[in-house]
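Q: Starting off with a structure, shown below.
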Amino acid sequence: MKYSVNKTGYYGNFGGAYIPELLYPNVKNLEENYMKIINSASFQKEFLALLKDYVGRPSPLYYSKRLSDKYHINLYLKREDLNHTGSHKINNTIGQILIAKHLGKKRIIAETGAGQHGVATATVCAREGLDCIIFMGETDVLRQKPNVEKMQMLGATVVPVKSGNKTLKDATNEAIRDWINHPSETHYIIGSVVGPHPYPDMVTQFQSVISEEIKKQLEEQTGSENPDTIIACVGGGSNAIGAFYHYLEDENVKLIAVEADGLGLETGETAATIAIGKPGIIHGSKTMLMQTDDGQIVEPYSISAGLDYPGIGPIHAHLFETDRVEFIRATDDEALKAALELTQMEGIIPALETAHALAALKKIKFKKGETVVINISGRGDKDMETYRNYLAKINEKPSEERLFIGMYSVPTSNIHGADTNVNGLFVP
Ligand SMILES: *Cc1c(COP(=O)(O)O)cnc(C)c1O
């Protein structure tokens, strides 16, 4: 396939495996074995059974009547939020824990931002009875507390990381450091389509079930397996590539990836890697990277922990360079508005990451009546603290500004204590 990884682990100009010598045996072992394992009958049988009976797949494809009417399109929502543990991340961790088992690894490590990958990893480790250590930036430990508590209850050790701006990049650095120190017994379960080859390809394969299902479900519901447009948010890019994968060769299907723009490009407080990044190397692969002229990483910022990352999967850098995928941006505010819109019009509280994809509804010029699929990558339970602060802030504004959310009028004092900082912890 035109967009697949080549034998040396590259997608066009991006990818590869830039690793310290100490990790070479691990990465080489994985590279030599992952396809054999994935294609074996025993792996396929166990993987598919777990996706069905443990994760709850296929996830529904839901027709959103009210948003369709509002935006004059036919909008379908791919409900990855309904998966066990609340996001698409579990598709990948199920696949990787089976790989770890086949490789005889007993100790699992992972990085996490929003905590969804940490929870999904701790979950599969509990199921297999394997040791699990999760690295998480201290900022994220604070803003995604429910997920930290879940990981701990599942038996994982959560290690708060205090370097850098204490978010996803820093957690990944720490996980890699741990891996270098314990290479022989440890498997590192990376949570997105990032890292050295073969991780981006392996994670892509596990997440591609999303577009495989969309094809079948759209065919059943509309008579055609192709929508006009598919939209997904992109941090590292695993839910996006999962939703795009089986459509990559079908150039009639427009693919749109939404990056987190934080407070806006012009403020410098952004995580929109494709918009401001240049080619560089991060966490083992060559990709687009937010960096200074000297090649130092620029600290990203987004309200959404899962998108707060200065890199992007190499396959996305390639899809950008070849113009196959259009990359747009949504700010914190635009995402929050979109989250509220979905919540109040469809009764679905999305994850803050997903809210960036939903914000595209206001940014794209659609043809009247076109079929659009948005990947609902996760649910919003973990983000209630941020949403609560946002709602409180809206309520303190003049009434016209409140209009867009309709009748919402709970007084601030009913939402949280008077001493709470209504600007939230997260505006830098
Ligand atoms: C982790 C996460 C993301 C971002 O990761 P990708 O690899 O870009 O998909 C998006 N949405 C949710 C709900 C997440 O948990």
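Q: Within the set of other residues whose C-beta is less than 12 Å from the C-beta of ASP323, count the net charge using Lys and Arg as +1 and Asp and Glu as -1. Present the calculation step by step, with values, prior to reporting the outcome.
A: On the way: positive: LYS254, ARG324; negative: GLU251, GLU321, GLU326.
Summing Lys and Arg as +1 and Asp and Glu as -1 gives -1.
Q: Another question, if that's okay. Kindly rank 5-12, 230-237, 303-310 from highest to lowest mean number of other beta carbons found within 10 Å of each residue.
A: Sorting 5-12, 230-237, 303-310 by mean packing, highest first, produces 230-237, 303-310, 5-12.
Q: What percent do you get for the relative contact order of the chain when only Cα pairs under 8 Å and 6+ apart count? Don't skip to the end; give the middle numbers.
A: Working: 881 pairs, mean separation 78.1, N = 428.
In percent, rounded to a whole number, it is 18.
Q: Under 15 Å from the Cβ of PRO279, count the other residues' Cβ atoms, weight Lys and Arg +1, Asp and Glu -1, and hand me the total. Mind dumping the intermediate values first?
A: Numbers: positive: LYS278, LYS286; negative: ASP293, ASP294, GLU321.
Spelling it out: positives minus negatives among the neighbours equals -1.
Q: Taking only Cα atoms of segment 1-63, what ratio of Rg to Rh do you get with Rh as the Kirkwood inverse-distance radius?
A: Here Rg/Rh amounts to 1.12.
Q: Among 164-170, 143-149, 264-270, how do they line up by average Cβ neighbours within 10 Å per residue, starting with the highest?
A: Result, highest mean first: 164-170, 143-149, 264-270.
Q: Right, here's the next one. Please tell me the relative contact order of segment 181-277 in percent, rounded to the nearest whole number, where contacts are Cα pairs under 8 Å and at least six residues apart. Numbers along the way, then the final one.
A: Values: 120 pairs, mean separation 21.8, N = 97.
This gives 22 percent for segment 181-277.
Q: Further, regarding this structure: List the residues whose amide H sits under 5 Å from the amide H of GLY191, counting only those 5 or more places along or on another chain, with H placed 1.01 Å from N in the peptide plane.
A: GLU111
Q: Taking the Cα centre of segment 1-88 as the origin, how large is its charge dipole in debye, to the nearest 20, when only Lys and Arg (+1) and Asp and Glu (-1) carry charge on their Cβ atoms? Mind showing how you got there, number by number?
A: On the way: 12 positive and 8 negative charges, 89 e Å.
Here segment 1-88 has a charge dipole of around 420 debye.
Q: Please tell me which of these pairs span more than 23 angstrom C-alpha to C-alpha: LYS45/LYS216; LYS254/LYS286; LYS78/LYS150?
A: Beyond 23 Å between Cα atoms: LYS254/LYS286; LYS78/LYS150.
Q: Using the alpha carbon gyration tensor of the chain, what are the three equivalent-ellipsoid semi-axes (square root of 5 times each eigenvalue), largest first, in whole Å?
A: In descending order the semi-axes read 32, 25, 21 Å.
Q: To continue, here is another question. Under a plain spin-label model, where a point goes 7 Å from the Cα along Cα-to-Cβ, how far apart in nm are THR322 and ASN226?
A: So the two model labels end up 1.7 nm from each other.
Q: Related question: Mind computing the radius of gyration and Dmax over the alpha-carbon atoms of segment 79-148? Å is fine for both.
A: 12.0, 35
Q: Using the reciprocal of the averaged 1/r over all distinct C-alpha pairs, how large is the Kirkwood radius of segment 5-104 in Å?
A: By the Kirkwood definition, the hydrodynamic radius is 16.6 Å.
Q: Would you tally the net charge around LEU336, using a Cβ to Cβ cut-off of less than 11 Å, leaving LEU336 out, and scoring K and R as +1, D and E as -1?
A: Net of charged neighbours comes to -3.
Q: Highest mean first, how do 217-224, 203-210 rank when packing is the count of other Cβ atoms within 10 Å averaged over residues? Don't skip to the end; give the middle numbers.
A: Details: 217-224: 13.4, 203-210: 24.4.
Those peptides, ordered most packed to least, come out 203-210, 217-224.
Q: Let me ask you something else. Short version: ³J(HN,Hα) in whole Hz for each residue of segment 284-290, in order, from phi by Karplus 6.51 cos²θ - 1.76 cosθ + 1.60 (θ = phi - 60°), x for Gly and Pro, what are they?
A: x, 9, 8, 7, 7, 8, 6
Q: Follow-up question, since we're still on this one. Kindly provide the GluC sites (Glu not before Pro) of segment 37-125 that DSSP labels as loop, not H, G, I, E or B, and whose Cβ sees at most 15 other Cβ atoms within 10 Å.
A: Counting only loop positions with at most 15 other Cβ atoms within 10 Å, none of the GluC sites (Glu not before Pro) in segment 37-125 qualifies.
Q: Let me ask you something else. About its Cα centre, how strong a charge dipole does the chain have in debye, to the nearest 20, once Lys and Arg get +1 and Asp and Glu get -1 at the Cβ?
A: 740
Q: So if I restrict to the alpha-carbon atoms in segment 163-265, what is the Rg, and what is Dmax, the biggest pairwise distance, in Å?
A: 17.1, 53
Q: Here's another thing I want to ask about it. Which of the listed residues, THR292, ALA271, ALA257, is farthest toward the dipole's positive end in the chain, when Lys, Arg count +1 and Asp, Glu count -1 at the beta-carbon?
A: About the Cα centre, the residue reaching furthest to the positive side is ALA257.
Q: Cysteines of the chain lacking any other cysteine beta carbon under 4.7 Å?
A: CYS233
Q: Measuring from label point to label point, each 7 Å out along Cα→Cβ, what is the ASN29 to LYS365 span in nm?
A: For ASN29 paired with LYS365, the spin-label model returns 5.5 nm.
Q: Rounded, prolate or oblate: which one fits segment 96-221, using the alpha carbon gyration tensor with axes a ≥ b ≥ c (rounded when a/c is under 1.5, else prolate when a/b beats b/c, else oblate)?
A: Taking the square roots of the gyration eigenvalues as a ≥ b ≥ c, segment 96-221 is prolate.
Taken together, the values in this text are just the output of simple stated rules run on the coordinates, not laboratory data. Every value quoted in this text rests on a predicted model; they were computed, and no experiment measured them. In this analysis, Cβ positions are derived from the backbone assuming ideal geometry, glycine residues included, and neighbour counts consider all displayed protein chains.
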